[in-house]
Amino acid sequence: MSVKEGLLYSEDHEWVKKEDDLLVIGVSDFAQEELGDIVFVELPEIGEEFEIGDSFGVLESVKAVSDTFIPVSAKVVEINEVLFDQPELINDDPYGEGWLIKVEAEDLSELEELLSAEEYAEFLEEA
Amino acid sequence: MKKTPLNEIHKEAGAKMTDFGGWEMPVEYSGIIDEHLAVRKKCGLFDVSHMGELLLTGSRAEKSLQKIITNDAQRLDKNKVLYTLMCNENGGIIDDLVVYKLQKDSFLLVVNASNTEKDFNWIKKHLDGDAQIENMTEHYAMLALQGPDSQKVLTKLTDLNLQEINYYNYKEGKVAAKDMIISRTGYTGELGYELYFNGEYAEKIWHDIMKAGKEFDIHPTGLGARDTLRLEKGYPLYGNDINEKINPYQASLGWVVKLDKGDFIGREKLKALKNSCCDKQRFACVIQGRGVARKGHKVYVEDQVIGELSSGSYSPLLKKGIAMGYIKSDYIKPGNEIKIKVRKRFLEAEVVELPFV
């Protein structure tokens with residue numbers, strides 16, 4: 001199980017990466033491993049707005065179903081449509097090709113509440 | 001939690017472990033889909049040592065057995081395996097099990113892990129004369145080697161002619177130089193064998209089979225794949241699809257109830273149930289589009305609830321959600337369209353005949 005350096009993490013196991021003016025959001029390696037083989041993905045519509053902590057999507061694995069929670073209040077500007085046909089990308093490459101959505105954040109100061117890679121790794125160890 | 005003799009091996013292999021019927025068991029190793037496909041296309045090895053083994057002995061053993069089970073014990077020659085149910089007086093299913101006739105006065109009953117104690121107590125209460133029941137679960141290790149290549153793998157480890165063992169037959173013999181029961185049975189719908197032997201040899205047998213299977217790309221396979229494999233074939237799972245509130249006819253298991261074999265527990269009630277078993281019956285459906293429906297989800301036609309799912313998962317072969325459950329009999333017609341409420345939304349589904357694949 002890996003925690004990628006340079007990303008921010010939520011305690012709900014989402015990661016956030018700054019990419020120019022946007023934020024890319026996905027789920028951590030821990031999350032995908034807990035779920036096991038992901039077989040279906042539900043993602044929001046482009047333009048949808050979410051408050052911090054809202055559920056913005058659903059990951060369905062063979063064994064279980066899990067909501068994904070947005071780590072910052074934001075508007076969705078892009079979704080990873082490839083996942084509809086290849087949901088296994090989340091298992092295979094959670095920090096890369098398995099990204100979920102790109103958003104415009106309302107208030108970047110919310111990012112300060114998130115965990116660094118190191119803090120997230122500690123959080124996982126304590127859990 | 002109870003542990004099988006292979007507990008350490010599973011953990012070393014990186015298995016995700018879970019509590020199943022009071023046992024710490026492997027759910028998955030390389031991933032449920034990968035393991036599922038291995039069993040369908042090549043072969044997989046399951047540790048199912050959590051299954052309960054009850055030994056019924058004595059000159060009145062067969063008589064006791066006839067009273068306890070719904071199928072006909074007289075169909076059991078030596079070397080035959082019998083699938084059967086045990087019912088209560090109301091015709092409710094206490095358990096589903098397989099029975100081996102080891103000797104004239106000795107029967108091995110293999111029951112669901114979570115029911116082992118309940119079954120033991122029930123059987124003990126209904127023994128006839130000198131018959132005795134003994135819980136041998138701790139003594140036996142049980143492995144299931146399943147998949148189209150399973151025979152080739154096992155052939156490397158035994159002198160027995162495996163081709164002579166037909167479906168639902170067994171032989172006693174040696175595998176990897178150890179005595180065991182080699183049973184051509186399983187819960188996957190593939191060619192396969194279930195092996196029962198002294199738990200002391202479990203690690204050796206596991207390693208020898210994995211080694212012999214290497215050239216066939218054998219996979220260690222967990223309870224996750226066991227569940228998706230059995231669901232694709234429409235096999236009921238006790239606790240999900242059958243329980244004490246469900247009778248055999250309702251569950252489409254009437255074929256293992258032999259009303260003419262003589263008296264047995266539940267017979268009177270089952271006789272009456274045969275012609276009018278129930279309001280709701282077991283059915284199967286395939287989810288249209290994306291989504292997985294699961295146990296407990298309600299089934300709808302228009303705005304009306306017509307029943308509920310008892311099992312539901314993802315079919316790695318169909319790449320769709322599949323499910324079984326109980327709905328009003330009028331709606332059970334292949335091609336019928338139904339809806340299943342999954343969390344906040346409705347999934348469209350089509351009623352199908354079993355098996356799914």
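Read the figures in this text as sums done on the coordinates, not as results from a lab. Values in this document were obtained by computation on a predicted structure and should not be read as measured data. Neighbour counts run over all protein chains shown; Cβ positions are idealised from the backbone, glycine included.
Listed by chain and number, the lysines whose C-alpha is less than 16 Å from the C-alpha of B:Lys104, apart from same-chain residues fewer than 8 away, are B:Lys63, B:Lys78, B:Lys80, B:Lys171.
Summarised as an ellipsoid, the range A:25-89 has semi-axes of 20, 14, 9 Å, derived from the eigenvalues of the Cα gyration tensor scaled by 5 and square-rooted, with the largest first.
Counting Cβ atoms of other protein chains within 10 Å of each residue's Cβ and taking the mean over peptide B:25-31 gives 2. If only the Cβ of Lys and Arg carry +1 and only the Cβ of Asp and Glu carry -1, the dipole of the range B:52-135 around its Cα centre is close to 220 debye.
Remark: the protein assembly as shown carries a charge dipole of roughly 4180 debye about the Cα centre, counting +1 on each Lys and Arg Cβ and -1 on each Asp and Glu Cβ. Legend: mean number of C-beta atoms from other chains within 10 angstrom of residue C-beta atoms, peptide B:282-291, equals 2. The distance separating the Cα centre of the range B:1-80 from that of the range B:210-238 comes to 12 Å.
Calculate I(q)/I(0) for the range B:185-315 by the Debye formula, one identical point scatterer on each C-alpha and no solvent, and give its log10 at q = 0.10, 0.19, 0.22 Å⁻¹ to two decimals. So the normalised log intensities work out to -0.52, -1.15, -1.33. For B:Val301, neighbours were defined as the other residues whose beta-carbon sits under 14 Å from its Cβ, and their charges (Lys and Arg +1, Asp and Glu -1) total -1.
Taking Cβ atoms as reference points and 13 Å as the exclusive limit, the residues near B:Phe356 contribute a net charge of +2, counting Lys and Arg as +1 and Asp and Glu as -1.
Counted over chain B, the DSSP beta bridges are approximately 95% antiparallel.
Mean residue ellipticity, 222 nm, helices only, chain A: the sum of -39500 (n - 2.57) across DSSP H runs of n ≥ 4, divided by residue count and rounded to 500, is -5000 deg cm²/dmol. Starting from a Cα-only point model with no solvent, please compute log10 I(q)/I(0) by Debye for the range B:98-237 at q = 0.12, 0.15 1/Å. Results for the range B:98-237 at q = 0.12, 0.15 Å⁻¹ read -0.53, -0.83.
Legend note: in chain B, cysteines whose Cβ sits 4.7 Å or more from every other cysteine Cβ are B:Cys43, B:Cys87, B:Cys285.
Of B:His139, B:Thr155, B:Ile205, which is farthest towards the positive pole of the range B:121-242's charge dipole, taken about the Cα centre with +1 and -1 on the beta-carbons of Lys, Arg and Asp, Glu respectively? About the Cα centre, the residue reaching furthest to the positive side is B:Thr155.
Using the rule -39500 (n - 2.57) for each DSSP H run of four or more residues, divided by the residues of chain B, the 222 nm mean residue ellipticity is -5500 deg cm²/dmol. Set against the 2.2 N^0.38 Å expectation for a compact globular protein, the range B:52-135 has a Cα radius of gyration ratio of 0.95. The spacing between the range B:113-156 and the range A:1-48, judged by their C-alpha centroids, is 45 Å.
Restricting to Cα pairs below 8 Å that are 6+ residues apart, what does the relative contact order work out to for chain B? Please round to a whole percent. It comes to 18 percent, rounded to a whole number. Remark on chain A: Rg and Dmax equal 13.3, 37 Å (Cα only).
Partner lysines whose Cα lies under 22 Å from the Cα of B:Lys341, excluding those fewer than 8 positions away in the same chain, are identified as A:Lys63, B:Lys280, B:Lys295, B:Lys298, B:Lys319, B:Lys320, B:Lys328, B:Lys333. Compactness of chain B, taken as the C-alpha radius of gyration over 2.2 N^0.38 Å, stands at 1.00. In this Cβ point-charge picture (+1 for Lys and Arg, -1 for Asp and Glu), the range B:279-352 has a dipole of about 420 debye about its Cα centre. Note on the protein assembly as shown: Cα Rg divided by 2.2 N^0.38 Å, N the number of residues, gives 1.09. Averaging 1/r across all pairs of distinct Cα atoms in the range B:260-357 and inverting the result yields a Kirkwood radius of 14.4 Å.
Ordering A:Gly6, A:Leu108, A:Pro87 by Cα displacement along the dipole of chain A toward the positive end leaves A:Pro87 in first place; charges were set at the Cβ atoms of Lys, Arg (+1) and Asp, Glu (-1).
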